[in-house]
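Enquirer: The structure follows.
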Amino acid sequence: MESVEVFTSEGKGRGLKAQKEFLPGDVIFAEPAYAAVVFDSLTHVICHTCFKRQERLHRCGQCKFAYYCDRTCQRAAWLNHKNECSAIKKHGKAPTENIRLAARIMWKIEREGSGLSEGCLVSIDDLQNHVDSFSEEEKKELRADMESFLEFWPPQSQQFGMQYISHIFGVINCNGFTLSDQRGLQAVGVGIFPNLCQANHDCWPNCTVIFNNGKIELRALSKISPGDELTVSYVDFLNVSEERRKQLKKQYYFDCTCEHCKKQIKDDLMLAAKAGESKPSAETVKEVIQFSKDTLEKINKARMEGLYHEVVKLCRECLKKQEPVLGDTNIYLLRILSIASEVLSYLQMFEEAADYAKRMVDGYLKIYHPNNAQLGMAVMRAGVTHWHAGLIEAGHGLICKAYAILLITHGPSHPITKDLEVMRVQTEMELRMFQQNEFMYYKMREAALKNQKIQVMPEPSNDTSPSLFHKKE
């Protein structure tokens, strides 16, 4: 941690600043979790040590609750699982993820004390809890969590005061970091990373955070000079500044004063109307945006029920209304294009999906930071869709663009980047074949598809990209 230091950031409290120069893609630091748990809904399909999704997992023979890749992961987990294992057996069942995480934190404090742990810039005691800013509903949930915790916490373990237990739950509420699976595609758990917690928010940050091989990595997105503050984005940029500020205030209890929010930078693009001679009236734009919001609610309901053909129908109807009225970068148009391309890919209607994906990416490129991780993932998805549609030139180009972004945001050792490198090499080979003899390329592709079906795209998720910090529903 010699490359960063904690400092007092004006108007923000503590922050992190660089002690040396960093270039895009540099790892500023990697940090293991102080404590982490798998989400309640995924405890049987995700390893409780490395958080990788595996088809076959070994179950703990004692508590019958924890699952591991193999004996190596099980042995590595024992220090953190030992007390939990015994408590689950005595309690009769495992409590919720928040209770399990609080218990793991306090068992670690029992073992090591609450002072500075090795490699930590701040102690658990010094982390913000924002309990005083909780709404009445949040306070009610806090009291319920504390009651559940006290029922679960063994009497022979160190006993903590109510105020301290409240502090730990407050820390989890506003500092719990979302852990993703090995490919970064699904949120699978939540953990506490004290050093990461010191990085302040900026809607246009100079760093990004990736979970890779059991640790979080803080990676530089742009050139950072010694003395520069290190910032990350707590929310997706694909919202107008007023909405981002509302979300940040509600979830993290602060008013965002970053340049993009103060100057409402890119808001005009995100709410753009169709330009040209037949420019729509403000009233028409308002009506179409409201129609889009209503449609998105219907789409979410249909996705939850797995009615994907209904989702496609709703998207097509919405796009007919949007296209004469909304600009190419309007976020409501982009949201529909994103859903349509994802669901059509799953249904193997690749040509239509590719058209929507291309338009989505063209819009994203005008809005997102050029080294944004979500942009990289969207470009990758668009590239794969084009490839499956037989549009090899566009597919290879998009895959190369995604690879360049993910090398910076995820790094060359991340599983998703390795997958992308394999795709890049494969599409490059196919592109050369296409350029040498287009007719033969399509004949060989047709023959290959007859012998081996195209791999089914993953089932569309109703979740958006995993948020940086996990908020209890």
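Enquirer: Residue by residue through the stretch 403-427, note down the ones that are closer than 24 Å to Arg445 by Cα and in contact (Cβ under 8 Å) with a residue 60 or more places away in the chain.
Expert: Matches in the stretch 403-427: Asp419 only.
Enquirer: Does at least one position in the stretch 428-437 carry a residue that is assigned to a helix (DSSP H, G or I), among the acidic types (Asp, Glu) and under 26 Å from Arg303 (Cβ atoms)?
Expert: Scanning the stretch 428-437, I find no residue that is assigned to a helix (DSSP H, G or I), among the acidic types (Asp, Glu) and under 26 Å from Arg303 (Cβ atoms), so the answer is no.
Enquirer: Of the residues in the stretch 284-312, how many are surrounded by 14 or more Cβ atoms within 10 Å (Cβ to Cβ) and in contact (Cβ under 8 Å) with a residue 12 or more places away in the chain?
Expert: Matching residues across the stretch 284-312 total 15.
Enquirer: Moving on. Yes or no: the stretch 40-49 includes at least one residue that is on the phi < 0 side of the Ramachandran plot, more than 19 Å from the chain's Cα centre (by Cα) and in contact (Cβ under 8 Å) with a residue 60 or more places away in the chain.
Expert: yes
Enquirer: Looking at Cys174, Cys203 in this structure, which one is under 28 Å from Met380 (Cα atoms) and open to solvent by less than 20 Å² (accessible area, probe 1.4 Å)?
Expert: Values: Cys174 fails: under 28 Å from Met380 (Cα atoms).
Just a single option satisfies the conditions, and that option is Cys203.
Enquirer: Within the stretch 52-74, track down each residue that is polar (S, T, N, Q) and in a helix (DSSP H, G or I).
Expert: Of the stretch 52-74, the ones polar (S, T, N, Q) are 54, 62, 72, 74.
Matches in the stretch 52-74: Thr72, Gln74.
Condition check ((1) at pLDDT 95 or above; (2) in a loop (DSSP other than H, G, I, E, B); (3) open to solvent by less than 10 Å² (accessible area, probe 1.4 Å); (4) of a type outside the set (A, V, I, L, M)) across all residues:
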| position | (1), (2), (3), (4) |
| --- | --- |
| Ala353 | yes, no, yes, no |
| Lys358 | yes, no, no, yes |
| Gln374 | no, no, no, yes |
| Gly390 | no, yes, yes, yes |
| Ala394 | yes, no, no, no |
| Gly397 | yes, no, no, yes |
| Ala402 | yes, no, yes, no |
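Enquirer: Starting from residues that are buried (at least 16 other Cβ atoms within 10 Å of the Cβ) and more than 24 Å from Leu347 (Cα to Cα), keep the ones in the stretch 434-469 and report whichever is modelled with the highest pLDDT.
Expert: Here the residue is Phe434.
Enquirer: Taking Asp181 and the conditions (1) of a type in the set (Asp, Glu); (2) surrounded by 14 or more Cβ atoms within 10 Å (Cβ to Cβ); (3) modelled with pLDDT of 90 or more, which numbered condition does it fall short on, given that it satisfies the others?
Expert: So Asp181 meets the others, but not (3).
Enquirer: A further question on this structure: Can you tell me which residues in the stretch 149-171 are open to solvent by less than 60 Å² (accessible area, probe 1.4 Å), free of Cβ contacts under 8 Å to residues at least 40 places away in the same chain and not in a helix (DSSP H, G or I)?
Expert: Once the filter is applied, which keeps residues that are open to solvent by less than 60 Å² (accessible area, probe 1.4 Å), free of Cβ contacts under 8 Å to residues at least 40 places away in the same chain and not in a helix (DSSP H, G or I), the stretch 149-171 yields only Gly161.
Enquirer: Conditions: (1) within 13 Å of Gly214 (Cα to Cα); (2) buried (at least 19 other Cβ atoms within 10 Å of the Cβ). His81 meets all but one. Number of the miss?
Expert: (1)
Enquirer: I would also like to ask the following. Could you grab me the full set of residues in the stretch 8-51 that are closer than 13 Å to Ala199 by Cβ, open to solvent by 50 Å² or more (accessible area, probe 1.4 Å) and either part of a strand (DSSP E or B) or touching an Asp or Glu at 6+ places or on another chain (Cβ under 6 Å) (or both)?
Expert: Within the stretch 8-51, Arg14, Lys17 qualify.
Enquirer: Now a separate question. Can you tell me which residue within the stretch 340-351, out of those that are open to solvent by 20 Å² or more (accessible area, probe 1.4 Å) and touching a residue at least 60 places away in the same chain (Cβ under 8 Å), is farthest from Cys203 (Cα to Cα)?
Expert: Across the stretch 340-351, the extreme among qualifying residues is Gln348.
Enquirer: Can I ask one more? Going through the stretch 315-337 one residue at a time, which ones are free of Cβ contacts under 8 Å to residues at least 24 places away in the same chain and of a type in the set (Lys, Arg)?
Expert: Lys320
Enquirer: Suppose we keep only residues that are of a type in the set (Lys, Arg) and modelled with pLDDT of 95 or more within the stretch 263-283. Which one would you say is most open to solvent (accessible area, probe 1.4 Å)?
Expert: Here the answer is Lys263.
Enquirer: Identify all residues within the stretch 232-283 that are touching a residue at least 60 places away in the same chain (Cβ under 8 Å), touching a His at 6+ places or on another chain (Cβ under 9 Å) and of a type in the set (A, V, I, L, M, F, W, C); write none if there are none. Spell out how you get there, then give the answer.
Expert: Filtering the stretch 232-283 down to residues touching a residue at least 60 places away in the same chain (Cβ under 8 Å) leaves 232-240, 251-254, 257, 265-266, 269-271.
Pick out the ones that are also touching a His at 6+ places or on another chain (Cβ under 9 Å) and you get 232-235, 237, 252-254, 266.
Correct list: Val232, Val235, Phe237, Phe254.
Enquirer: Could you please give the count of residues in the stretch 122-148 that are closer than 13 Å to Ile192 by Cβ, open to solvent by less than 80 Å² (accessible area, probe 1.4 Å) and part of a helix (DSSP H, G or I)? So that I can check it myself, show each step before the final result.
Expert: Filtering the stretch 122-148 down to residues closer than 13 Å to Ile192 by Cβ leaves 122-129.
Imposing the further condition that a residue be open to solvent by less than 80 Å² (accessible area, probe 1.4 Å) reduces the set to 122-125, 127, 129.
Those still in the list that are part of a helix (DSSP H, G or I) too: 124-125.
Total satisfying the criteria: 2.
The values are calculated or read from the model by the stated rules, or taken from the named source; none is laboratory data. Nothing here was measured: the structure is a model prediction, and the numbers come from that model. All Cβ positions, glycine included, derive from the backbone under ideal geometry; neighbour counts span all protein chains shown. Please note that ligands, DNA and RNA were not included when accessible areas were found on the heavy atoms of the full protein model with its side chains. Shrake-Rupley method; radii C 1.70, N 1.55, O 1.52, S 1.80 Å.
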